[in-house]
Amino acid sequence: MSQLQARFFTENKKYAIDDVPFSIPAASEVADLSNVINKLLEARIADHKHVEFDFLVRGQFLRSSLASHMDTENISTEEVVEIEYVQKFTAPQPEECIMHDDWISSVEADSEWILTGSYDKTARIWSLEGKAVMTMAGHTDVVKDVAWVKRDGLSSLLLTASLDQTVLLWEWNSEQNKVKARHCCRGHAGSVDTIVVDPSRTKFCSGSWDKMLKIWSAVPTEEEDEVEEPNRPRKKQKTEQLGLTRTPLMTLSGHNEAVSAVLWTDAEELCSASWDHTIRLWDVETGEQKSMLTGSKVFNCISYSPLCRRLASGSTDRHVRLWDPRSKDGSLVLLSLTSHTGWVTAVRWSPSNQHQLVSGSFDNIVKLWDIRSCKAPLYDLAAHEDRVLCADWTDSGLILSGGADNKLYTYRYSAYVSDAGA
Amino acid sequence: KPLLSISIEIMDVELGYSLQPVSLIALLPHAHFLLHSLSPSSCLAMCSQDIRNTVGNIPMEWYKDYPHIGYDLDGKKIFKPIRTKDELDEFLDKMENPDYWRTVHNKMTGTDLRLSDEQVDLVHRLQQGKFGDVNFNEYEPAIDFFSSEVMIHPVTNRPEDKRSFIPSLIEKEKVGKLVHAIKMGWIKPRRPKETAPKYYDLWAQEDLNTVLGRHKMHIPAPKMRLPGHEESYNPPPEYLLTEEEKLAWEQQDPEDRRVSFLPQKYSCLRAVPAFSRFIHERFERCLDLYLCPRQRKMRVNVNPEDLIPKLPKPKDLQPFPTTQSLVYRGHTSLVRSISVSPSGQWLVSGSDDCTVRFWEVSTARCLKTVEVSGAVKSVAWSPNPAVCLVAISYGETIVLLNPGLGDKFICSATDQLISSYEEPEESKEQSVQWTIAEGSDHEHGQRLILKHPKAVRQVTWHGKGDYLACVMPDDNSSLQVVIHQVSKRRTQNPFRKSKGMVQCVSFHPIRPYFFVATQRYVRVYNLIKQELTKKLMANCKWISSMAVHPGGDNVICGSYDCRLAWFDLDLSTKPYKMLRHHKKALRGVAYHKHYPLFASGSDDGSVIVCHGMVYNDLLQNPLIVPVKVLKGHTITHDLGVLDVAFHPSQPWVFSSGADGTVRLFT
């Protein structure tokens, strides 16, 4: 078998070629196929510049020679092979390396500012260029998670969760560059490991080591909630206090172990991952558990893509697993992406591409995946010198990762823009 | 009638004398034949001569002395005939009278009577047992009256009776009685006859298998090898030995030689000399017969694979730790002891660099470092989740430390609990000094300091978190193990006598038992009854570590001679299983709280995780399957892994090593 009948197609009109089958060598690889397409395009379009393409056979990226790929995927070589080609994703370009004083536990960025939480008990705001703008010190222990709540104009609301069992709601005025702790959310009996703000930006949910999920209001008020803690001396509490005390609107209990990650799949539904090997979906209105996905390992992180409606989870083994949260039978692993060699501590779907996600692991590497090629990632971002603890992907195409080497790396990933058809 | 009787008497008289051998009784049945045979004339003649004697059948001797011998019918005396004959006359008569032989003497009448020819003939016939009558044919042809042939005329033409057609009432009654008797059991039905032949089977008891076995076990005498070309007087030249071969043959030991003789060639059979080794050969043959095996060895052909018990595959026994996930770096010297908080969030490690470090399990972040004034020998996190206390032993001191990790409320409650202690009125003199930490020690979290008289090697908590046992190894002192009660700040010395150097101690997780491991034995004490319950023989040279199964019925002991002994306390005081997986001395063993796992750490730098399933069913023995060898620690100063501990809720194992790291395997 030396020749194969193949038909090429693409969704990008710019690079469309004639819809006729070609006979191509079976041993040809991606570079060879890319040359073929470029030759064809040169014949069609006069001012064509060389473009690197990537090829998909039945929804799977071609990573080896065509013959061996079809052999492993059990595709018949007798028929005409349908090969889709897309412009090759360019590698993410490293932009900034922001040094911190201590490990970076969490990162969240929007189009202008980067918010990081660190093990030096502070949270920091950085500009995209890596300039430190603001430091929020108020926690008595390690900051475990951070989140932007809202940005209207110059004042922003943001949240920091800490090992000292509190979540602080800060108000930051970017013009005056002043920050003020508005509320101190008390109620958890363990370290608050994860916080997430709901799509309406009025509530947020926190998950803690004490196995509880608590939903809080994210709207700053001037009133203090009544706290019933008779054992705590009043005086001491006052001195500790930073901002007004706030109590949870609702508590969701059901996990048997620490909650490690939480997110809103939509305005009414909450999803939480835990060390008890389960991912649970909750109805926020009633506070009831809706369904449960059971894995075999501790979950460290989850991410949800509204584009493809898939849940990605990272656990204490080396796989990134994809789940369908709507499946009723609960534990369906659609796909597992295997390339890491350590615990996967961060996963984040691309906000704009339904096939792409980024994952960070204890093996010091951040990997960029396309779920159409689950054996190997698109790119390895091996900049970190120690464990990767957090990762983020902004709407503007910025990939961020922070780790135990005190460095926050940012990458500009623009390939999806050119790949507009996908 | 009278006539007949007379004739019989005559007969008696006539025969009685002459025919001695013929008895009267023998003659009686023939009497009437005799009568018939006698002609009527002769009979009458006899009668006429006869003078009837009426004395009857009496012995005639009675009349011996009388002149008469009886009486006739008229009652007149019958006189004896005048007998003049004497013996001589008698003899002469005998000699001369030709009829003497046929003359009989009649005693009744005393006369002599000469028998006629007919009478003599009759007597002869009777003597021969023949019929008296000559004309009587005793073998006349018999006429069958009832013959087998059916005659046209029946024997009787009488019609059958009516009653022969009617069942008999009497019979019915009799049968009814019999049936009733049988029913009532009065009559037993006849036992069926035993048809089995009655003889004694000598071999009946013999087992068929033994017979077969005997046949099978028969060993024929070894056969002699048949002579081949070599033994020939004229062997083919290739069988003849060359000079070198001959030399070699001579130098060999007789038992090493391939053949016991030298093949030799002779021109003809006539030239062959007498066989010189005949006696030898016969002797060897006798030895062969005598020494040949008489018993067939039953060699057991067992595949060694079959002897290995069928253990489940490790991959079916998931989950268990398989890979190294995190390394907790920070200590600068060997880490002697580790302990995980009951929540599973924190890890404490004590090192020879005189520090105690607190780590966040999930990120390997060192959150807190406490410096003490000596190499830390042992750390133990209180198993009570309602308090936050860590016991640390270094030198002669145990420090109870509140690390301030976890729930703030619990931490402050712990501090309150310790500060709220009130000294009892009468304070006893104790061997251990309890002091409250103050100043900078308090700042670092130290709360209570216990000064011991000797160096403390191990601390361990009771499951409820109030009692704390510590080991001060000393070869011949009674004060080796003390138990502290934290809430009352009291110290007890449970043992009065030293039973050897104590290596480690442990509390039973549920019952009030206390395990004390000395060099070779593990003693189980009942703390309530204050008595020795069991003494486990570890069968190894020096126990280094011990762990008690959370169920409490199983104990594992690691020893310095590379062995791990699993005791099933319900089974025996000897190890249920000895595992020799490690190459070097074991330093630490641990059980998982929930998963059926146990781990052992050794000087060879590896941690071996085994599946150790304990069944609730008492009949089923624990299942022990080694599942994973975890390597990661580098060996420094010939020391590898020093302690192992399991995560309380996940199937993860921590190990601390001499290389100053703590590693997490998941």
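Using only atoms on other chains, find how many Cβ atoms lie within 10 Å of each Cβ of peptide B:158-167 and report the average.
0
Could you give the nm distance between label points at residue B:120 and residue B:171, where each point is 7 Å from its Cα heading toward the beta carbon?
Spacing of the two 7 Å Cα→Cβ label points: 6.7 nm.
For the protein assembly as shown, taking Cα atoms only, what is the radius of gyration to one decimal and the Dmax to the nearest whole Å?
Rg then Dmax for the protein assembly as shown, in Å: 63.2, 207.
How large, in Å, is the range A:255-367 by the Kirkwood hydrodynamic radius built from its alpha-carbon pairs?
After inverting the mean inverse Cα-Cα distance, the result is 13.9 Å.
Which residue, B:597, B:333, B:247, has the largest displacement toward the positive end of the dipole of chain B when charges sit on each Cβ (Lys, Arg +1; Asp, Glu -1)?
B:333
State to the nearest 20 debye the size of the charge dipole of the range A:3-87 about its Cα centre, where the only charges are +1 on K and R beta carbons and -1 on D and E beta carbons.
Taking the Cα centre of the range A:3-87 as origin, the dipole is about 260 debye.
How would you rank B:230-243, A:293-306, highest first, on the average number of other Cβ atoms within 10 Å across their residues?
Final packing ranking: A:293-306, B:230-243.
Over chain A, what lengths in whole Å, largest first, do the semi-axes of the equivalent ellipsoid take, defined as the square roots of 5 times the eigenvalues of the alpha-carbon gyration tensor?
45, 23, 18
Can you tell me, using C-alpha contacts under 8 Å and at least 6 residues apart, the relative contact order of chain A as a whole percent?
12
Using protein heavy atoms only (no ligands, DNA or RNA), what is the total accessible area buried between A and B, 1.4 Å probe, nearest 100 Å²?
2000
What's the average, rounded to a whole number, of partner chain beta-carbon atoms within 10 Å of each residue's beta-carbon in A:250-263?
Mean number of neighbouring Cβ atoms from other chains: 1.
Peptide A:184-194: average number of partner chain Cβ atoms within 10 Å per residue?
Average per residue, whole number: 2.
Can you tell me the orientation of helix A:30-44 relative to chain A, as the angle in degrees between its alpha-carbon axis and the longest Cα principal axis, to the nearest 10?
With both axes taken from Cα atoms, the answer is about 70 degrees.
Along Cα→Cβ, 7 Å out, is where each label goes; now give me the distance between the ones at residue A:68 and residue B:131 in nm to one decimal.
Here the modelled spin labels are 13.7 nm apart.
Report, in listed order, any pair from B:313/B:541; A:131/A:180; A:203/A:407 with a Cα-Cα distance greater than 22 Å.
From B:313/B:541; A:131/A:180; A:203/A:407, over 22 Å: B:313/B:541; A:203/A:407.
Would you please state the base-10 log of I(q)/I(0) at q = 0.06, 0.07, 0.10, 0.12 1/Å for chain B, with intensities from the Debye formula using one equal scatterer on every alpha carbon?
Relative scattering, expressed as log10 I(q)/I(0), comes to -0.65, -0.75, -0.95, -1.21.
Can you tell me what share of the DSSP beta bridges in the range A:3-87 is antiparallel? A percent to the nearest 5 is fine.
Rounded to the nearest five, the antiparallel share is 75 percent.
Which residues among the range A:280-305 fall inside the zone where the amide N is under 18 Å from a point 7 Å beyond the Cα of residue A:256, along Cα→Cβ?
Residues A:280-281, A:289-300 qualify, since their backbone N sits under 18 Å from the label point.
Would you calculate a helix-derived [θ] at 222 nm for the protein assembly as shown, using -39,500 (n - 2.57) for each DSSP H run of n ≥ 4 and dividing by the full residue count, to the nearest 500?
-4500 deg cm²/dmol
Find how many whole Å separate the alpha carbon centroid of the range B:378-424 from the alpha carbon centroid of the range A:355-419.
43
Which whole-number percentage describes the relative contact order of the range A:3-87, with Cα contacts under 8 Å and a sequence gap of 6 or more?
41
So if each residue of separation counts as 0.36 nm, and I subtract the Cα-Cα distance between residue B:637 and residue B:329, what length gain in nm does that give?
Using 0.36 nm per residue and subtracting the Cα-Cα distance, I get 109.0 nm.
Which log10 I(q)/I(0) values does the range A:3-87 give at q = 0.10, 0.13, 0.22 Å⁻¹ under the Debye formula, counting every alpha carbon as one identical point scatterer?
With one equal scatterer per Cα and no solvent, log10 I(q)/I(0) is -0.22, -0.37, -1.06.
Within the range A:336-373, what residues put their amide N at less than 16 Å from the label point 7 Å along the Cα-to-Cβ vector of residue A:52?
Label zone hits: A:368-370.
Just by accessible area at a 1.4 angstrom probe, what is the order of A:340, B:105, A:48 from largest to smallest?
Result of the area sort, largest leading: B:105, A:48, A:340.
Could you sort A:326, B:299, B:225, B:214 by accessible area so the largest value comes first, with the probe set to 1.4 Å?
B:299, B:225, B:214, A:326
Under a point spin-label approximation (7 Å from Cα along Cα-to-Cβ), what is the residue B:157-residue B:353 distance to one decimal in nm?
15.0
The values are calculated or read from the model by the stated rules, or taken from the named source; none is laboratory data. Remember, predicted model here, so these are calculated numbers, not experimental data. Neighbour counts run over all protein chains shown; Cβ positions are idealised from the backbone, glycine included. SASA here: full protein model, heavy atoms, side chains in, ligands and nucleic acids out. Shrake-Rupley method; radii C 1.70, N 1.55, O 1.52, S 1.80 Å.
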